[in-house]
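Everything below concerns the one structure shown next.
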Amino acid sequence: MEYLDVWWEMSLLYLQHTRDAINAQCEGREAWQIIMVTVGVMIICNWLYHQLFLHELGLFERFKLSFFRMLRRLPVIGTKIKEELEKTKAAITSDMFPLPDGDVYNTRLPETGIPKDELLNLVKTKYKSMEKIDWKGGRLSGAVYNCGAEHESLMERIYGIFVGDNLLHPDVFPGTRKMEAEVVAMCCNFFHGGPDACGTMTSGGTESILMACKAYRERAYKHGIKTPQILAPISGHAAFAKAAKYFKMRYVEIPVDPVTKLINIPAMRRKINKNTCMLVVSAPSFPYGVIEQVEEVAKLGKYYNIPVHVDACMGGFIIPFAKKAGMDLPPMDFAVDGVTSISADAHKYGLAPKGNSIVVYKNADYRMGQFYINTDWCGGVYASPAVGGTRSGAIIATCWATMMYVGLDGYQENAVKIIKTRQYVEECVRKMPGLTVQGKPDVNILSISSNTFDIYRLGSALTKKGWHMFTVQYPAGVNFCVTKMHTLPGVAEGFVKDLEECTAEIMKDPKAPAEGIAAIYGMAESIPDRSMVAEFVQGYLEAYYSTI
């Protein structure tokens, strides 16, 4: 008790000293001066707080950008950089989008419409024939998740039946409205959602991720958070950073273990603060094919009352069915307490035509923030569940038809074959001198790297043999994303054979520099000024729409 009395007296004494010091500083000054200084200090403190803690880019990133911007203004350096940029853009254009000899772009409407038979012939002989990669033969990593000619024929017929349906008016097209509700319900079911689980369909994985981020931003606003923060591993899909850019959120990256490629959970815990509005975990991650620690991230979400989103765009239509077939895979859905939403692409391993994805939530309270509602527009009350207003009923119908046609048995068979094919390719790669596998893949993706030579050389060598591969960076690698086409007899064996031959040839001179597009990939990864890399990519996007 005496100790508390002494502590109290000392506190009062310090407060009195502080009061006297402040009064001494204010002595002789007018009231307006004191008020203006106080307001000025508060403004400066508030500005510093926003710059340090609420800006979408970290302090170091902003300093780096400013430094390189200043460097590029120097006459000699700036001119040289501009010349190299133009050369690289030209190389990208010529390598990526070459036209057949004598071919030109149509830039005007025909004076009269082209007859049906002539138009079909033009499409087949001139446009469809431009494809050089035998993707139907399985020589493409990911991108197309084909179900075969019979399935394609069925989808064409289903699409034709519903081609005029517009889900902006569900009361006019009740059949496709019912189909969408059933697709969402079936997904909620195999993701072990409870009776309150719900969701919507979207146009793709990016939109599904955007919608989850928007939903959690709105939730954060309701809780008084002015600058919501997304916490995601560096392996998280770029759509999360895209969402942060679109929705004025802050995007914070969490490191992954350099060997296992799993999330550094202690690092994620340290980054959580009062502005954190969602935690992200992938099942599996696109760069490495690893199912990240859904249970551990979900525990953090439960403890801090933060929503947890599982990005299962790549694995959502594989993992649940592989587990049901008896394969040992980590849990990743609503069966894990703390998971509040999941994104899954039906147009990948769901085998539906492109334009089909799903985002599902633990309950309607989370989903509500995804919706857009405008009650004051002069055109009437406007509402949409996702980004799109008008939505094609034909796309939704093909997704529903695919799920009904493939069925539980079909998805199970597909999942097991894909995982076993990835395991076979991985075992072969691990035995090849000069090659390494990043992390320990769980599902469908295999990231191949090398500590001996520039791995982008391997990507170019495989391209010359007719294979099309994804590339990843930090560290550099080429991704082999197994699809149903790779499970066909001889396809995976053919890839392994070509991979072995290409690697053996490169290993004859492992220190040789990369050339062509491989050199551009390597250069892009090594350039510290990422704004320059952005200009390279901008050149690619400009070339995409070029008709010159």
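Shown for Phe247, Phe162, Phe317: other C-beta atoms within 10 Å of each C-beta, ranked fewest to most, produce the order Phe247, Phe162, Phe317. Taking Lys and Arg as +1 and Asp and Glu as -1, the other residues whose beta-carbon sits under 14 Å from that of Ile373 total 0.
Under a 5 Å amide H cut-off, with hydrogens placed 1.01 Å from N, Met278 pairs with Gln229, Leu231 among residues at least 5 apart or on other chains. Here the stretch 206-279 is treated as a sphere whose radius is the Kirkwood value from Cα pairs; by Stokes-Einstein at 4 °C and 1.567 mPa s it diffuses with a coefficient of 104 µm²/s. Modelled spin-label separation between Cys26 and Val163, with each label point placed 7 Å from Cα along the Cα-to-Cβ direction: 7.9 nm. For the stretch 420-429, putting each phi into the Karplus relation 6.51 cos²θ - 1.76 cosθ + 1.60 with θ = phi - 60° gives couplings of 5, 5, 4, 4, 4, 5, 4, 4, 5, 4 Hz, in residue order, rounded to whole numbers and with x for Gly and Pro. Just to check, using Stokes-Einstein with a Kirkwood Rh over alpha carbon pairs, what's the diffusion coefficient of the chain at 10 °C and 1.306 mPa s in µm²/s? Rounded to a whole number, D works out at 59 µm²/s. Extension gain, Glu156 to Glu501: 0.36 nm times the residue separation minus the Cα-Cα distance gives 120.2 nm. When the helices of the chain are scored as -39500 (n - 2.57) per DSSP H run of n ≥ 4 and the total is divided over every residue, the value at 222 nm lands at -16000 deg cm²/dmol. The 3J(HN,Hα) values that the Karplus relation (6.51, -1.76, 1.60; θ = phi - 60°) gives for the stretch 212-222 are, in residue order, 5, 5, 5, 4, 7, 5, 5, 4, 5, 4, 5 Hz. Gly and Pro appear as x. Charge tally around Arg430: other residues with Cβ under 15 Å, Lys/Arg +1 each, Asp/Glu -1 each, net 0. The label point for Glu182 and the one for Ser11, both projected 7 Å from the Cα toward the Cβ, are 6.8 nm apart. Holding the Cα-Cα limit at 28 Å, pick out from Lys261/Lys348; Lys128/Lys417; Lys132/Lys484 the pairs that are longer than that. Result: Lys128/Lys417 exceed 28 Å. Projecting the Cα atoms of Ala243, Gly204, Ile291 onto the charge dipole of the stretch 167-296, computed from C-beta unit charges around the Cα centre, puts Ala243 farthest toward the positive end. Looking at the chain, the DSSP beta bridges with both ends there are about 60 percent antiparallel. Counting only other residues whose beta carbon sits under 11 Å from that of Lys354, what net charge do I get with K and R as +1, D and E as -1? So the surrounding residues net to 0. Rounded, prolate or oblate: which one fits the stretch 352-397, using the alpha carbon gyration tensor with axes a ≥ b ≥ c (rounded when a/c is under 1.5, else prolate when a/b beats b/c, else oblate)? Note, shape of the stretch 352-397 comes out oblate. Computed about its Cα centre, the charge dipole of the chain is approximately 400 debye, with only Lys, Arg, Asp and Glu carrying charge at their Cβ.
Across q = 0.13 Å⁻¹, the stretch 158-404 modelled as identical point scatterers on its alpha-carbon atoms has Debye log10 I(q)/I(0) values of -0.77, in the order of the q list. Among the listed pairs Lys126/Lys354; Lys87/Lys126; Lys226/Lys248, those with a Cα-Cα distance over 18 Å are Lys126/Lys354; Lys87/Lys126.
If you take the square roots of the eigenvalues of the alpha-carbon gyration tensor of the stretch 193-235 and sort them as a ≥ b ≥ c, do you get rounded (a/c under 1.5), prolate (a/b over b/c) or oblate? Oblate, since a/c reaches 1.5 and b/c is not below a/b.
In order along the stretch 449-464, phi translates into HN-Hα couplings of 10, 8, 9, 10, 9, 5, 5, 5, 5, 5, x, 5, 5, 5, 4, 5 Hz, rounded to whole numbers, per the Karplus curve 6.51 cos²θ - 1.76 cosθ + 1.60 with θ = phi - 60° and x for Gly and Pro. Ranking of Val310, Val406, Val290, Val472 by neighbouring Cβ atoms within 10 Å, starting from the fewest: Val406, Val472, Val290, Val310.
Here the residues Asp171, Asp333, Asp454, ranked from fewest to most Cβ neighbours within 10 Å of their Cβ, fall in the order Asp171, Asp454, Asp333.
Above 16 angstrom, tally the Cα pairs of the stretch 91-148 and express them as a % of all pairs, no decimals. Roughly 64 percent, rounded to a whole number. Taking 20 Å as the cut-off, the amide N atoms of the stretch 274-292 that come nearer than this to a point 7 Å along the Cα-to-beta-carbon line of Asn46 belong to 275.
None of the figures in this text is laboratory data; all of them are computed from the coordinates on show. Because the structure is a prediction, the values reported are computed rather than measured. Quick reminder, even Gly has a Cβ in these numbers, built from the backbone with ideal geometry, and neighbours come from all protein chains shown.
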